[in-house]
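The values are calculated or read from the model by the stated rules, or taken from the named source; none is laboratory data. Computed from a prediction, not measured in an experiment: that's the story for all the values here. Heads up, the Cβs are rebuilt from the backbone with ideal geometry, glycines too, and the neighbour counts pull from every protein chain shown. These area figures cover heavy atoms from the full protein model, side chains too; ligands, DNA and RNA do not enter into them. Shrake-Rupley method; radii C 1.70, N 1.55, O 1.52, S 1.80 Å.
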2 protein chains.
Amino acid sequence: MTFQSAGSSTFASDIDTAAAAVRRQARTGALTGPTAGMAKGYVQVNLVILPARDAAGFLRFCQANPKPCPLLAVGEPGERSCAPLGGDLDIATDVPEYRVYRNGALDGTRHDVSDLWQDDLVTFALGCSFSFEHALSQYGLPVRHIDQGRNVPMYRTSIPLVSAGGFGGTMVVSMRPFRAADAIRAVQITTRFPQAHGAPVHLGDPSLIGVEQLDAPEYGDAVTVADDELPVFWACGVTSQQVLLDAGVGFAITHSPGHMLVTDILESQVALL
Amino acid sequence: MTFQSAGSSTFASDIDTAAAAVRRQARTGALTGPTAGMAKGYVQVNLVILPARDAAGFLRFCQANPKPCPLLAVGEPGERSCAPLGGDLDIATDVPEYRVYRNGALDGTRHDVSDLWQDDLVTFALGCSFSFEHALSQYGLPVRHIDQGRNVPMYRTSIPLVSAGGFGGTMVVSMRPFRAADAIRAVQITTRFPQAHGAPVHLGDPSLIGVEQLDAPEYGDAVTVADDELPVFWACGVTSQQVLLDAGVGFAITHSPGHMLVTDILESQVALL
């Protein structure tokens with residue numbers, strides 16, 4: 001696999017990290033729930049696993065749509081390790097919960113996909129907003145869905161994706177409300193993380209991106225938006241699962257939302273500054 | 001004078017710049033109008049000139065309020081040259097139009113203040129939004145008041161200033177409307193220019209900062225704001241003139257709005273990145 005770093009290309013996989021401990025817990029079945037807040041400081045990633053026949057097109061799609069689908073690493077066909085993401089790492093066992101898709105529809109969840117592994121499966125690791133949410137918190141900005149103990153609200157939009165490799169459609173976004181001065185600060189902070197969706201794609205009036213009801217997200221949970229706050233929208237990794245569904249791919253494995261692969265890459269390593 | 005650079009501390013005053021040519025035109029009386037668009041690429045500055053008795057307090061005020069009053073240079077008492085801002089530069093003649101204030105009120109405009117010069121006058125050079133407006137245009141963002149051939153609209157707000165040195169009050173802001181995606185880009189671009197007011201201080205609902213009527217700015221001209229645009233507000237150098245008026249200073253000289261001192265400092269030299 002190749003790791004496309006914004007900065008340094010070294011990482012911590014040669015030591016036994018807190019991230020490796022989380023992966024082992026998932027591998028043994030001790031951890032089957034969401035990974036939010038685990039191994040703080042380490043990058044967590046979205047996974048998409050596709051047969052080689054679909055992988056080449058999906059790679060072109062990701063390269064053409066880096067805001068929703070920031071590629072951190074792409075595997076060789078059949079490869080279950082992923083050295084650039086971490087040592088002691090098994091793509092087929094180290095995610096707490098996987099989703100299996102067949103013929104464009106969800107076909108169940110699993111905690112281990114070893115028995116589904118094939119020699120032609122290609123793994124894509126895509127950046128995740130957890131990285132910038134930690135940064136927002138560190139800079140003193142309140143992240144509403146965390147404060148309210150909910151999943152981040154996500155919405156289908158009218159923002160067109162660049163069609164490539166047989167995939168396309170419209171973007172899925174996540175939303176975090178902020179007062180204007182904090183929204184401006186959030187733009188600055190998340191700009192530092194292009195590999196975790198980067199700066200927002202929209203703020204203010206939701207209807208301008210085709211979102212009619214803020215209190216009815218397509219994915220995740222609704223959160224409170226105060227009268228003096230702006231909804232701020234970021235490109236979301238769920239876009240990748242949506243385009244797989246829309247394309248009706250024959251077979252795919254992804255992580256379950258919130259149940260991420262925890263890597264040995266430090267968040268500071270994927271920050272621009 | 002000391003020049004507080006964001007990056008390099010060298011500048012182009014040892015060569016005869018396009019900026020120096022503009023200054024000489026102002027000095028001879030050939031130029032008496034606004035300087036917008038002149039000597040592109042060179043930093044233009046707001047000037048505030050105060051007797052030493054008020055200058056010490058005003059310096060503390062600027063240091064405490066860097067968003068509206070970003071200090072590029074401060075002169076020694078009586079000094080009419082300003083080497084850090086440029087060679088061949090005379091503070092008392094090189095601005096196309098000056099304003100003279102007496103006892104907290106405007107007491108006329110002049111094209112030359114040599115006859116008013118005193119041995120205890122201290123010059124403050126404050127960054128100006130022209131620097132980031134050029135950057136916005138270079139990145140392809142339309143600047144409405146330029147496109148409409150107007151002065152930028154400016155508003156008094158309820159945003160409190162930090163009181164210091166006998167000066168205080170509320171911030172004056174300038175406004176430029178953008179569609180959301182461009183507003184996000186504008187935050188990124190203007191963040192690069194902390195010495196030209198930097199990132200916006202507000203965007204969206206004007207009433208949240210005490211601005212009730214967008215079409216009735218206190219200074220400058222109203223501009224069109226489309227239904228799908230957000231008003232984006234930046235701290236404005238006019239704040240400095242407002243606090244001088246509010247404090248009722250006995251004597252002060254400033255530039256007239258839009259009639260700036262053109263320096264030999266390159267805009268690229270005051271950019272963070």
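Just one of the listed residues (B:252, B:199, B:247) is over 25 Å from residue A:186 (Cα atoms), more than 14 Å from the chain's Cα centre (by Cα) and buried (at least 23 other Cβ atoms within 10 Å of the Cβ), namely B:252. Each residue in segment B:47-101 was checked for being in a strand (DSSP E or B) and not small (Gly, Ala, Ser), and 12 pass. Assess whether residue B:36 counts as being within 30 Å of residue B:153 (Cβ to Cβ), in contact with a Pro (Cβ under 6 Å, 6 or more places away or on another chain) and not assigned by TED's automatic domain parsing to the domain that holds residue B:189. In short, no. Total residues in segment B:102-120 satisfying the condition of being part of a loop (DSSP other than H, G, I, E, B) and either closer than 15 Å to residue B:26 by Cβ or free of Cβ contacts under 8 Å to residues at least 60 places away in the same chain (or both): the figure is 5.
Of the residues in segment B:203-210, not one is open to solvent by 10 Å² or more (accessible area, probe 1.4 Å), in contact with a strand residue (DSSP E or B) (Cβ under 6 Å, 6 or more places away or on another chain), charged (D, E, K, R) and within 14 Å of chain A (Cβ to nearest Cβ). With respect to (1) within 12 Å of chain A (Cβ to nearest Cβ); (2) in a loop (DSSP other than H, G, I, E, B); (3) buried (at least 19 other Cβ atoms within 10 Å of the Cβ), the lone exception for residue B:227 is condition (3). Just one of the listed residues (A:125, A:164) is under 17 Å from the mean Cα position of the chain (by Cα), over 26 Å from residue A:185 (Cα atoms) and among the small types (Gly, Ala, Ser), and it is A:125. If you filter segment B:154-196 down to residues that are within 28 Å of residue B:265 (Cα to Cα) and charged (D, E, K, R), you find that the one that is surrounded by the most Cβ atoms within 10 Å (Cβ to Cβ) is B:176. If you scan segment B:179-205, which residues turn out to be charged (D, E, K, R) and either closer than 12 Å to residue B:141 by Cα or in a helix (DSSP H, G or I) (or both)? B:179, B:182, B:185 - these are the residues of segment B:179-205 that are charged (D, E, K, R) and either closer than 12 Å to residue B:141 by Cα or in a helix (DSSP H, G or I) (or both). Of everything listed in (1) under 12 Å from the mean Cα position of the chain (by Cα); (2) open to solvent by 10 Å² or more (accessible area, probe 1.4 Å), the single unmet condition for residue B:237 is (2). Residues satisfying the criterion are absent from segment A:181-189 (criterion: closer than 28 Å to residue A:95 by Cβ, among the small types (Gly, Ala, Ser) and either under 19 Å from the mean Cα position of the chain (by Cα) or at pLDDT below 95 (or both)). Residues in segment A:59-113 that are closer than 30 Å to residue A:158 by Cβ and open to solvent by less than 60 Å² (accessible area, probe 1.4 Å): 15 in all. Considering segment A:167-180, the residues that are among the hydrophobic types (A, V, I, L, M, F, W, C) and under 20 Å from the mean Cα position of the chain (by Cα) include one that is farthest from residue B:207 (Cα to Cα), namely A:167. Screening B:50, B:126 for residues that are in contact with a Gly (Cβ under 6 Å, 6 or more places away or on another chain) and surrounded by 24 or more Cβ atoms within 10 Å (Cβ to Cβ) leaves exactly one candidate, B:126. Looking across segment A:166-211, just one residue is touching a Phe, Trp or Tyr at 6+ places or on another chain (Cβ under 6 Å) and farther than 27 Å from residue A:72 by Cα, and that is A:211. Quick one: which residue in B:163, B:174, B:137 is in contact with a Ser or Thr (Cβ under 9 Å, 6 or more places away or on another chain) and not assigned by TED's automatic domain parsing to the domain that holds residue B:34? So the residue among B:163, B:174, B:137 that is in contact with a Ser or Thr (Cβ under 9 Å, 6 or more places away or on another chain) and not assigned by TED's automatic domain parsing to the domain that holds residue B:34 is B:174.
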